[in-house]
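For reference, the structure is listed below as structure tokens.
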Amino acid sequence: MHADEIKGKWKELQGDAKRQWGKLTDDDLKTAEGNADKLSGKIQQRYGKSKDEADREVNDWIERR
């Protein structure tokens, strides 16, 4: 799955994202709206990760979908 496909299936994938990153709130996921950059930003905030590390995690997660 590609990043643009995530937006179209975001409602279905929110639960999976919540399992992957348990510190993310429902509001965080709603704000991300399936946007990989926004999701990465929320991961950076909640987990204190660098932008590169969060981007890598999101990209890996997207590729596994």
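Numerical summary
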item	result
Dipole moment magnitude, nearest 20 debye, the chain about Cα centre, only Lys, Arg, Asp, Glu C-beta charged	220
Residue among ILE62, LEU13, ALA36 farthest towards the positive dipole end of region 3-64, charges placed on Cβ	LEU13
Cβ-derived FRET efficiency at R0 30 Å, ASP27 paired with GLU63, nearest 0.05	0.70
Net +/- balance of residues flanking LYS51 in space, Cβ distance below 13 Å, scoring K and R +1, D and E -1	-1
Residue order, fewest to most beta carbons within 10 Å, for SER40, SER50	SER50, SER40
Hull volume in cubic angstrom per residue (convex hull over the Cα atoms of region 1-53)	74
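Bear in mind these aren't lab numbers, they're just calculated from the coordinates by the rules spelled out. This structure is a prediction, so every number in the text was calculated from the model and none was measured. Note that each Cβ is placed from the backbone with ideal geometry, even for glycine, and that neighbours are counted across all protein chains shown.
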